[in-house]
1. Once the dipole of the chain is set up with Lys and Arg at +1 and Asp and Glu at -1 on Cβ about the Cα centre, which of S198, S39, I101 lies farthest towards its positive end?
2. Size of region 40-119 along its principal axes in angstrom, Cα-based, largest extent first?
3. Remind me, what semi-axes does the chain give for its equivalent ellipsoid, largest first in whole Å, using sqrt of 5 times each Cα gyration tensor eigenvalue?
4. Relative contact order, percent, of region 13-158 when contacts are C-alpha pairs under 8 Å separated by at least 6 residues?
5. If eta is 0.692 mPa s and T is 37 °C, what Stokes-Einstein diffusion coefficient results for region 233-278, Kirkwood Rh from Cα pairs, in µm²/s?
6. For region 117-159, count the residues as N, evaluate 2.2 N^0.38 Å, and divide the Cα radius of gyration by that value, please.
7. Give me the Debye-computed log₁₀ of I(q)/I(0) at q = 0.15 Å⁻¹ for region 48-197, equal point scatterers on Cα only, no solvent, two decimals.
8. How about region 151-254: which GluC sites (Glu not before Pro) there lie in a loop by DSSP and see at most 15 other Cβ atoms within 10 Å?
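What follows is calculated from the coordinates using simple rules that are stated; it is not laboratory data. If you're wondering where the values come from, they're calculated on a predicted model, not measured in any experiment. All Cβ positions, even for glycine, are placed from backbone atoms using ideal geometry, and neighbour counts span all protein chains on display.
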Amino acid sequence: MGTPPKGIFTPYNRGHHRFAVILASWTFLLIIAGALVTSNDAGLSVPDWPTSFGSLYKIPKLVGGVKFEHTHRMVAQVAGLLTIILAIWTWRAEKRRWMRILAFAALGTVIAQGILGGITVLFYLPPLVSSAHAALAQTFFCLAVAMAIFTGKKWIAEDPPIQFDERRPSLFTLTLLSIFVLYAQLILGAMFRHHGLSWWPHVLNAIVVSFVLAWTAVRALTVYSQIEAIRRPAILMLSLLIAQLCLGFMAFLTRIAWGHEAVQPELPMVISTVAHVAVGALLLATTVILAIQVWRHAPVAFEARLPQVQRTSAA
């Protein structure tokens, strides 16, 4: 994906790239808005969908939980509009076919996200649907971040340094494993927040996540520290992991150990939970960035094993 086929060249488009960055940034804001809804138990403050108190355009009085839920809907609507614009822009400006497919995959994801959000309201917050809504939001954020990378000047214009990876498991495999365990953690956390699962599977999986991400980051930093595109997301991933563990501990204390008898969510509970969700989204997106950069700069050296396989076959 980094080097287009001969005869196909997409010049760097500053406006297109900046718009992709705006979409990724707005999506991060959307994740925070959604976390505020869940953390304040405001999911049914606006009881109808797609209207809000019977209207598609009137803004209701933003009091109580309504200010969180309706604001979340408005932020989501803007995200959908930005995604439509970016998809059309990409289709018209991009010569890379896979980029156009990615843009419309993002559009399909944001549409599905809106539908899941509506189902959560219409069916009174079923835990599985609400958790899928949360997971898909993070998926969309990763797609938006990926598009921002792929439209960037460095990705389009630079001649990337390549160092083949002959280790087993490869660093790329470790990044994929990291994404997998993070998604599992995301789903477990969402199920807990939406009252569909106890807290202990989320906490136990945090140990697995810590081990896998630390292994991945250390491998990246010890072997590929000279490649900036790998070194920087690896350092950021490790830093975010430490911050996320601290925030997870704070969320556990405020919501389970200290606040389990609270009649309504208290401010420390809300702050710690929202921060935990936000940093988790950044951690997942950073891991995706690392996987992309490893795929580009440190591909698996399959051809390095070929002579050995041939010698084994001959024997």
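1. Sorting the options by dipole projection puts first I101.
2. That gives 48, 21, 20 Å along the principal axes, largest extent first.
3. After diagonalising the Cα gyration tensor, the semi-axes are 37, 26, 16 Å.
4. Across region 13-158, relative contact order equals 34 percent.
5. Details: Rh = 11.1 Å.
Once the numbers are plugged in, D ends up at 296 µm²/s.
6. So region 117-159 has a normalised radius of gyration of 1.79.
7. Here the Debye-derived log intensity ratios amount to -0.97.
8. Details: sites: E158, E166, E228; in loops: E158, E166.
Here the sparse-neighbourhood loop sites are E158, E166.
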